[in-house]
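S.K.: Mind looking over this structure? Questions follow.
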Amino acid sequence: MDNQQPPQGYQDPNAGQQQPPPEYQNNAAPPPQGYPPQQGGYPPTQYPQGGYPPQGPIPGKGKAIASLVMGIVSVVLAWFGYLSIVSLVLAIVGLILAIQARKEMPVGTAGMATAGMVLSIIALALAAILLICVAIAGAALCAVASY
Amino acid sequence: MFPPILIAGREIGPYGIMAILGALVAALYVWRTNKGGRAGHIKNDDLLHIFLMMVAGVFIGAKVLYLIVNIPLFVRSWAIFMAQPALLLNYLVGGMVFYGGLIGGLLAVLWYCRKYQVPFKTVAGLMTPMIPLFHTFGRVGCFLGGCCWGVEAHWGVTYHYSPAAPNEVPLMPIQLFEAAGNLVLFVVLAYLSRRLVRKWLVLPLYLVCYAAMRFVLEFFRGDTARGVWLLSTSQWIALGMLVGVALLWLLKWRKQQDTPPEDSQPPENPGQQPRQAQAIP
C-alpha cells in the first residue's frame, strides 16, 4: 500500500486518544487535531478575521430604498385633497419598484422592499377611496362645463 | 345615491368602498384557489406580485383610456378649463373605463410572467375568474354612487342626491344587471377552471362572454354619448375583443391543421424496411 500524505488541513478528531490509522503511521507529521474527517479531502474555508464572508453590492437595493421613500411620501400625500392624484402615481411607481426589488434581492434581505410595498398598497387604497369620491363629483362638473 | 361615510373628517364614497371590498374578496378567492391547486398553482410570492401588478395595470389602463376617450371634450372645453383650473383638475381626476383597466391589467401580468418566467397559461387559468368577481362589486358601487346609469324607465330607480346621474328621473338600474351578469360569469368560469384540462381557456372564454354581454348592455346606458359613429367606445372595444379572439383561434386551428400527425411522416431511411412487431413467446 502506498503511504499517502493526508490532505492539508485534515485533522483527525481522535488524534492523541488512539493511534492514527495505519496509513498515517509512517508519516513524519501526525495529522492535526480538531476537524472532522472531510470527504474529498478539501481544506476548511479560511475566512478573514471577523468571521464573515466579503459582501458585494446587493442587487435591487436601490429600488427597495426608492420604493420605501415613495411609499412614505404617497401615504402622507393621500390625505391632502387633489394631492391624492400625486399620491396615486407615486404609490403605483413604488409598488412596481418594490416588486422588482423583492424578485432581485436575495432571500432574507428584502425587508425594505416589503415595507415599501406595504406602504404603497396602503397609499393606493387610500388614494383610490378618497379620489374616487372626488372623481364622481368631478364627472358631473365636467358634464356641466361642456354645455 | 347612497350617502358617503364620514371617517376622520373625510367623506368616503360608496364606490371606493365597494372597489376595495371587491379587491379583497377577489384576492381571497385567488389565494384559496391557489392553495387548493385544482385550478393551477404558482408560488405565493409570485401570486402576490402578479395580483399587485394587475392592480397597478388596471389603474393605469383605466385612466389612460378615460383620458383618450375624453380628448374631444377636453378640446371643446379648453377655454372653460383655462378660466377655471379647478374644473381641469376635476376632469383629470374624474373617471375610469373598465376596458382600459382590463387591457392594462392583462399587459401588466404578461410583462411580469415574461420577465420572471412564470407560466402565463397557469396564471390565466387561476386568476381569470376573479375579474368578473371584482367587477360585480364595482358595478354595485356604481349603482350606489350614481354613476354609469341606465336609460329612463318608468319602473326604474330614482336618484335624489346623485352628483352624476339625473335626479328625480326613474332610470333603469343597468349597473345591477351588469353586476348580475358578472356574477354568473364568475360562477361559470370558477367551475370550468377546475374541470377543464386546458385551464387557460377560461381567459378567451371570459373575453368573449363579457364582450357580448357588454355590447348588448351598452345600448341601455343612459349617460352622455360616448363613442364614434353609432357605437360607444366600449362597444367598439368589445367588437375588437370578439374579432381578436376569433382570429387567434383561427390561427391556432390553421397551425394545428398544417402540422401533420406523427404516424404519417416518412421514415428517415427510405430504403430501410419497416420494423415488424415481434411475437411475444
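The values are calculated or read from the model by the stated rules, or taken from the named source; none is laboratory data. Predicted model only: the values in this text are computed from it and were never measured. Because the Cβ atoms are built from the backbone with ideal geometry, glycine has one as well, and the counts that use them run over all protein chains shown.
S.K.: Among the residues in the stretch B:169-186, are any closer than 17 Å to B:T33 by Cβ and polar (S, T, N, Q)?
M.R.: no
S.K.: Any idea which residue in the stretch A:79-106 is surrounded by the fewest Cβ atoms within 10 Å (Cβ to Cβ), counting only those that are more than 10 Å from chain B (Cβ to nearest Cβ) and over 24 Å from the mean Cα position of the chain (by Cα)?
M.R.: The selected residue is A:F80.
S.K.: Only one of B:T158, B:T233 is among the polar types (S, T, N, Q), over 22 Å from B:M96 (Cβ atoms), more than 14 Å from every other protein chain (Cβ to nearest Cβ) and touching a strand residue (DSSP E or B) at 6+ places or on another chain (Cβ under 6 Å); which? First the steps, then the outcome.
M.R.: Details: B:T233 fails: over 22 Å from B:M96 (Cβ atoms).
The unique qualifying residue is B:T158.
S.K.: Still on this structure, please answer the following. Please work out if B:N70 is among the polar types (S, T, N, Q) and under 21 Å from the mean Cα position of the chain (by Cα).
M.R.: Judged against the criteria, B:N70 is a match.
S.K.: Can you tell me how many residues in the stretch B:59-96 are more than 9 Å from chain A (Cβ to nearest Cβ) and touching a residue at least 40 places away in the same chain (Cβ under 8 Å)?
M.R.: Residues flagged as more than 9 Å from chain A (Cβ to nearest Cβ) and touching a residue at least 40 places away in the same chain (Cβ under 8 Å) within the stretch B:59-96 amount to 5.
S.K.: A further question follows. Aliphatic (A, V, I, L, M), modelled with pLDDT of 85 or more, within 30 Å of B:W149 (Cα to Cα) and not in a helix (DSSP H, G or I) - does that describe any residue in the stretch B:170-184?
M.R.: yes
S.K.: Follow-up question, since we're still on this one. Count, please, the residues in the stretch B:55-83 that happen to be over 18 Å from A:A125 (Cβ atoms), surrounded by 15 or more Cβ atoms within 10 Å (Cβ to Cβ) and not aliphatic (A, V, I, L, M).
M.R.: Number of matching residues: 6.
S.K.: Also, quick follow-up: Scan the stretch B:34-47 for residues that are in a helix (DSSP H, G or I), surrounded by fewer than 17 Cβ atoms within 10 Å (Cβ to Cβ) and not basic (K, R) and jot them down. Before the answer, list the steps.
M.R.: Pass one, the stretch B:34-47, residues in a helix (DSSP H, G or I): B:34-36, B:44-47.
Next cut, surrounded by fewer than 17 Cβ atoms within 10 Å (Cβ to Cβ) only: B:35-36, B:44-45.
Passing the criteria: B:G36, B:N44, B:D45.
S.K.: Then there is this: Out of all the residues in the stretch A:70-96, which are within 12 Å of A:I122 (Cβ to Cβ) and outside any helix (DSSP H, G or I)?
M.R.: Across the stretch A:70-96, the qualifying residues are A:A78, A:W79.
S.K.: Out of (1) without any contact (Cβ under 8 Å) to a residue 60 or more places away in the chain; (2) within 12 Å of another protein chain (Cβ to nearest Cβ); (3) closer than 30 Å to B:Y161 by Cβ, what's the single condition that is false for B:A56?
M.R.: If we test B:A56 against (1) without any contact (Cβ under 8 Å) to a residue 60 or more places away in the chain; (2) within 12 Å of another protein chain (Cβ to nearest Cβ); (3) closer than 30 Å to B:Y161 by Cβ, just (3) comes out false.
S.K.: Turning to a different aspect of this structure: Only one residue in B:V123, B:V93, B:V109, B:V118 is farther than 20 Å from B:M241 by Cβ, touching a helix residue (DSSP H, G or I) at 6+ places or on another chain (Cβ under 8 Å) and either among the basic types (K, R) or at pLDDT 90 or above (or both), so which one is that?
M.R.: Matching residue, one of B:V123, B:V93, B:V109, B:V118: B:V118.
S.K.: Moving to a separate point now. Any residue in the stretch B:223-238 that's within 22 Å of B:G145 (Cα to Cα) and at pLDDT 85 or above: show its pairings with residues that are crowded, with 16+ Cβ neighbours inside 10 Å and aromatic (F, W, Y) at Cβ separation under 6 Å, as long as the two are six or more apart or on different chains.
M.R.: Between residues of the stretch B:223-238 that are within 22 Å of B:G145 (Cα to Cα) and at pLDDT 85 or above and residues that are crowded, with 16+ Cβ neighbours inside 10 Å and aromatic (F, W, Y), the close pairs are B:S234/B:Y99.
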